[in-house]
Amino acid sequence: KKICVVGLGYIGLPTAVTFANHGIKVHGVDVSQAAVESIQNKKLHIEEPGLQERLDKAVDSGFLTAATTPEEADAFIIAVPSPINPDKTANLEYVRQATASIVPYVKKGNLVILESTVPPKTVERIMLPELVKTGLEIGTEIYVSHSPERVIPGKIFEELINNDRIVGGVNKESAELTKELYETFVQGTIHITDATTAELVKVMENTYRDVNIAFANELAKLAEKLDVNIWEAIKFANFHPRVNVHFPGPGVGGHCIAVDPWFLVELGGDTAAIINMSRHTNDSMPHFTAQKTQAILNQNKIAGAKVAVLGLAFKGNVDDMRESPSTEVIEQLQELGLEVISFDPHIKENKHATQTQSFEEATKDADILLVLTDHNEFKTYAPTTIQNMRNKIVFDTKNCLSRETWQNADFQYHLLGD
Ligand code: SAJ
């Protein structure tokens, strides 16, 4: 058996190496020549625990090859980005182009699977019109399905194997064949449905999280007015067997949760009111964070302050800055006339104009430490070793530092939602 994986990014590459290491010949395709070359040379262009060893094995065994053009195969998996345009509508150009790119290689009996998260009806409206150009009959001569990825960056391999999977086919045979293929390595249950349901399920999952986080952010603002610690309140509420409130923060980042709900807003209009409002609430958090930082500095009568931002990644323990709230918080701080320096131990090359690779340089003459990402490294920092700040103030937006430890080290400690 041979499969062709189109798109070798955060999802496509781990999926490709996992199939390859389970004895399936995989031909990986990416439009980026640089990405293809780095894979051929077993160099990673993304960070993910366990990926390097698995890539080495897949390339050395000869089961994984990479190129910028597709090849004939038994099955095609499309895992390309599906971002939003500046006006918050879905950009499905990559999905359309990837589908078009395989058309010359698709033969009778082949299976075409979309893994990218997309607005419901994308398989029907975007992919099928391309695939009919093969001249083959959909559902009997070629099989088409949506098998959305559901893995969390940082734990991709664990979740790729163990999570349940939802597979939606354009007909039953398409779904069954897709299920059979993923059974190569998936140990969770594979549930079968139609393509549009699978598309909605995936987008619903991420939207559930976004709406829940917006709720938590709203509660955080409320708690500040009440002098209540929202983190403690959420912890207590979650002891209830039917309650699972998420956590507040400086905003929602990443290329999934901050994006997918817009697909439903675009489709739903006024019917998607809660979803729309939640998106706006979460998008307002960087502004709220910057304003609160300024207020803390004002309270302390510090003018011309230098802010040391800790964390540029969109969440803890990943190297991914896509749609990171940190970028926007920094912009807002700069607009307020503050000097900003940033530090992130997971982002190895300076990807932001304010970034330094040295924690010591970041804290030098700083007036406030602003924690925007809950990296494990930050949790273990000993505040007593920080000797070069101008003012010892810390503002934690992720409840990631120990209040006691930092207060004992003479830091003025502030927490979002407290
Ligand atoms: N966040 C909060 N509060 C929380 C949880 C998260 O503010 O309580 C923030 C994070 O800091 C981050 C953003 O939300 O900025 C998103 O992080 P995340 O860990 O919730 O999710 P992602 O984007 O890394 O991965 C999600 C996952 N979806 C669900 O858990 C339903 C993952 O399973 C999906 O595969 C992935 O989206 C995807 O690719 O769609």
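The values are calculated or read from the model by the stated rules, or taken from the named source; none is laboratory data. Since the structure is predicted, the reported quantities are computational estimates derived from the model, not experimental observations. Here the Cβ is made from the backbone with ideal geometry for all residues, glycine too, and neighbour counts use every protein chain on show.
Listing for the model above:
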item: Candidate set: the stretch 359-394, residues that are touching a residue at least 60 places away in the same chain (Cβ under 8 Å) and within 16 Å of the ligand (Cβ to nearest atom); chosen: the one surrounded by the fewest Cβ atoms within 10 Å (Cβ to Cβ); result: Asn376
item: Pairs with Cβ under 7 Å, 6+ apart, first in the stretch 125-136 and in the same structural domain as Lys108 (by TED's automatic domain parsing), second surrounded by fewer than 19 Cβ atoms within 10 Å (Cβ to Cβ) and not hydrophobic (A, V, I, L, M, F, W, C); result: Ile126/Arg96; Glu130/Arg96; Leu136/Lys108
item: Matching entry among Thr178, Thr184, Thr189 (being among the hydroxyl-bearing types (Ser, Thr, Tyr) and crowded, with 16+ Cβ neighbours inside 10 Å); result: Thr178
item: Qualifying positions in the stretch 99-128 - buried (at least 22 other Cβ atoms within 10 Å of the Cβ), part of a helix (DSSP H, G or I) and more than 15 Å from the ligand (Cβ to nearest atom); result: Thr99, Ile102, Val123, Met127
item: Residue count, the stretch 45-70 (criterion: touching a Ser or Thr at 6+ places or on another chain (Cβ under 7 Å) and without any contact (Cβ under 8 Å) to a residue 60 or more places away in the chain); result: 1
item: Any chance Ile213 is within 24 Å of Arg54 (Cβ to Cβ), touching a residue at least 24 places away in the same chain (Cβ under 8 Å), aliphatic (A, V, I, L, M) and within 15 Å of the ligand (Cβ to nearest atom); result: no
item: Any hit, the stretch 216-224, residues being of a type in the set (Asp, Glu) and within 13 Å of the ligand (Cβ to nearest atom); result: yes
item: Selection count, the stretch 262-303, where residues are in contact with a Gly (Cβ under 8 Å, 6 or more places away or on another chain) and either modelled with pLDDT under 95 or among the aliphatic types (A, V, I, L, M) (or both); result: 2
item: Verdict on Gln291 being in a helix (DSSP H, G or I), exposed (fewer than 15 other Cβ atoms within 10 Å of the Cβ), more than 16 Å from the ligand (Cβ to nearest atom) and not assigned by TED's automatic domain parsing to the domain that holds Ile84; result: yes
item: Some residue of the stretch 266-283 being more than 16 Å from the ligand (Cβ to nearest atom), under 19 Å from Gly337 (Cα atoms), surrounded by fewer than 17 Cβ atoms within 10 Å (Cβ to Cβ) and not hydroxyl-bearing (Ser, Thr, Tyr); result: no
